[in-house]
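The values are calculated or read from the model by the stated rules, or taken from the named source; none is laboratory data. Here the structure is a predicted model, which is why all the values come from computation and not from measurement. Positions of Cβ are backbone-derived with ideal geometry, glycine not excepted, and every protein chain shown enters the neighbour counts.
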Amino acid sequence: MQKKTVLITGASSGIGLATSQRFLAAQYRVGIIDKDPLPEVLKLYEKEGRILFVQGEATDEQAATRLVNRMNQEWRGIGALVNNVGIFKKVPLTELSLKAWREILDTNLTSYFLFAKLCVESLKASHGCIVNIASTRALQSEADTEAYATSKGGIVALTHALAISLGPDVRVNCISPGWIDTRDASTKKQEPLKPSDHQQHPAGRVGEPEDVAEFVHWLVDQQKGFITGQNFILDGGMTRKMIYEE
């Protein structure tokens with residue numbers, strides 16, 4: 001039963017919500033921390049005792065500790081940790097304040113360290129795993145994204161560092177999604193993507209949160225556990241496509 005528990009940070013929307021739903025469909029129990037309230041679609045599972053939810057920032061050590069302690073006490077352990085929480089801000093370097101820089105680094109990277117540290121003993125006991133969500137922006141950039149790109153590059157480095165430090169008891173991997181359409185259904189209906197958006201991808205379409213959720217579940221659910229320390233690019237082939245300006 002210990003292996004069928006997963007803690008997900010930032011799970012009230014987007015990739016985190018889709019990942020929560022994927023694990024719940026696979027009969028996992030899910031611990032969630034998010035600054036936003038638990039979405040209605042998940043409240044039934046909370047009533048059933050299959051979700052433990054703490055509302056708070058993933059960078060808040062007290063809130064983080066509260067969720068980890070509840071999972072260890074009520075569910076007797078944690079089988080997997082999915083570090084997913086993240087914020088994106090596009091700000092010119094000359095306008096990027098030190099406060100904003102630290103906010104992005106703290107949320108996107110330091111929280112990953114914090115939850116790994118808090119969960120490590122439980123994960124060792126369950127021979128569990130960690131999946132970190134980075135981004136293809138760890139490997140390529142657009143202008144005015146210094147803080148975000150740095151945070152995502154740090155996640156990739158943190159992943160292989162943790163894999164070496166925690167192996168063989170705990171496997172640690174990373175997923176770097178490309179363009180994932182995380183908008184809500186109403187926005188997608190009102191403002192559909194253009195055909196050219198999909199044509200940029202060799203896979204023929206922009207990604208959906210469920211694409212990432214499925215791969216996260218696959219990595220966690222590996223029975224023999226030979227995959228660790230890896231960064232998987234999940235971008236529909238977009239970063240492999242050469243682009244020439246005519």
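So in the range 88-140, with the set limited to residues that are part of a loop (DSSP other than H, G, I, E, B) and among the polar types (S, T, N, Q), which one is modelled with the lowest pLDDT? Walk me through it before giving the result.
Here is the first cut: in the range 88-140, the ones part of a loop (DSSP other than H, G, I, E, B) are 88-92, 96-97, 127-128, 134-135, 139-140.
If we keep only those that are among the polar types (S, T, N, Q) too, we end up with 97, 135, 140.
On the way: SER97: 97, SER135: 97, GLN140: 93.
Step by step, filter the range 88-140, then rank; the result is GLN140.
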(request) Within the range 5-29, work out how many residues are within 18 Å of ALA116 (Cα to Cα), outside any strand (DSSP E or B) and either among the aliphatic types (A, V, I, L, M) or more than 11 Å from the chain's Cα centre (by Cα) (or both). (result) 1
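Which is charged (D, E, K, R), out of contact with any Phe, Trp or Tyr (no Cβ under 6 Å at 6 or more places or on another chain) and over 23 Å from ALA18 (Cβ atoms), of GLU57, GLU40, GLU48, GLU95? Even if it seems obvious, please write down each step before you answer.
Details: GLU57 fails: over 23 Å from ALA18 (Cβ atoms); GLU40 fails: over 23 Å from ALA18 (Cβ atoms); GLU48 fails: over 23 Å from ALA18 (Cβ atoms).
Exactly one residue qualifies, and that residue is GLU95.
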(request) Specify the residue that is nearest to the chain's Cα centre (by Cα); the eligible residues are those in the range 82-123 that are more than 30 Å from ASP169 (Cβ to Cβ) and of a type in the set (Val, Ile, Thr). (result) ILE87
(message) Considering only residues that are at pLDDT 95 or above, hydroxyl-bearing (Ser, Thr, Tyr) and under 21 Å from LEU96 (Cα atoms), which ones fall in the range 141-162?
(response) THR145, TYR148, THR150, SER151
(request) Those residues that are charged (D, E, K, R) and within 22 Å of LEU166 (Cβ to Cβ), I need them from the range 75-99; list them, please. (result) ARG76
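So which residues in the range 177-204 are without any contact (Cβ under 8 Å) to a residue 60 or more places away in the chain and touching a Leu at 6+ places or on another chain (Cβ under 7 Å)? Please lay out each step first, then the result.
Keep residues of the range 177-204 that are without any contact (Cβ under 8 Å) to a residue 60 or more places away in the chain, which gives 179, 181, 183, 185-204.
ASP181 - this is the single residue of the range 177-204 that is without any contact (Cβ under 8 Å) to a residue 60 or more places away in the chain and touching a Leu at 6+ places or on another chain (Cβ under 7 Å).
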(request) Go through (1) under 19 Å from GLN140 (Cβ atoms); (2) hydroxyl-bearing (Ser, Thr, Tyr); (3) without any contact (Cβ under 8 Å) to a residue 60 or more places away in the chain and name the single condition THR239 misses. (result) (3)
(request) Could you identify the single residue in SER176, SER165 that is in contact with a strand residue (DSSP E or B) (Cβ under 9 Å, 6 or more places away or on another chain), at pLDDT 95 or above and in a strand (DSSP E or B)? (result) SER176
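Has the range 69-77 got any residue that is surrounded by fewer than 17 Cβ atoms within 10 Å (Cβ to Cβ), touching a residue at least 40 places away in the same chain (Cβ under 8 Å) and within 24 Å of ALA134 (Cα to Cα)? Write out each step before concluding.
Of the range 69-77, the ones surrounded by fewer than 17 Cβ atoms within 10 Å (Cβ to Cβ) are 69-70, 73-74, 76.
Add one more test, that the residue is touching a residue at least 40 places away in the same chain (Cβ under 8 Å), and what stays is 76.
From what is left, the residues that are within 24 Å of ALA134 (Cα to Cα) are none.
The answer is no; no qualifying residue exists.
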(request) Can you confirm whether the range 192-204 contains a residue that is surrounded by fewer than 16 Cβ atoms within 10 Å (Cβ to Cβ), hydrophobic (A, V, I, L, M, F, W, C) and part of a helix (DSSP H, G or I)? (result) no
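If you take the residues of the range 216-246 that are closer than 21 Å to GLY167 by Cα and aromatic (Phe, Trp, Tyr), which of them is surrounded by the most Cβ atoms within 10 Å (Cβ to Cβ)? Steps first, please.
In the first step, residues of the range 216-246 are kept if they are closer than 21 Å to GLY167 by Cα; the result is 216-232.
Remaining after also requiring aromatic (Phe, Trp, Tyr): 218, 226, 232.
Working: TRP218: 12, PHE226: 7, PHE232: 15.
The qualifying residue surrounded by the most Cβ atoms within 10 Å (Cβ to Cβ) is PHE232.
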(request) Report, by residue number, each residue of the range 12-54 that is in contact with a strand residue (DSSP E or B) (Cβ under 6 Å, 6 or more places away or on another chain) and modelled with pLDDT under 95. (result) SER12
(request) Using the structure shown, decide if ALA63 is surrounded by 15 or more Cβ atoms within 10 Å (Cβ to Cβ), free of Cβ contacts under 8 Å to residues at least 60 places away in the same chain and in contact with a strand residue (DSSP E or B) (Cβ under 6 Å, 6 or more places away or on another chain). (result) yes
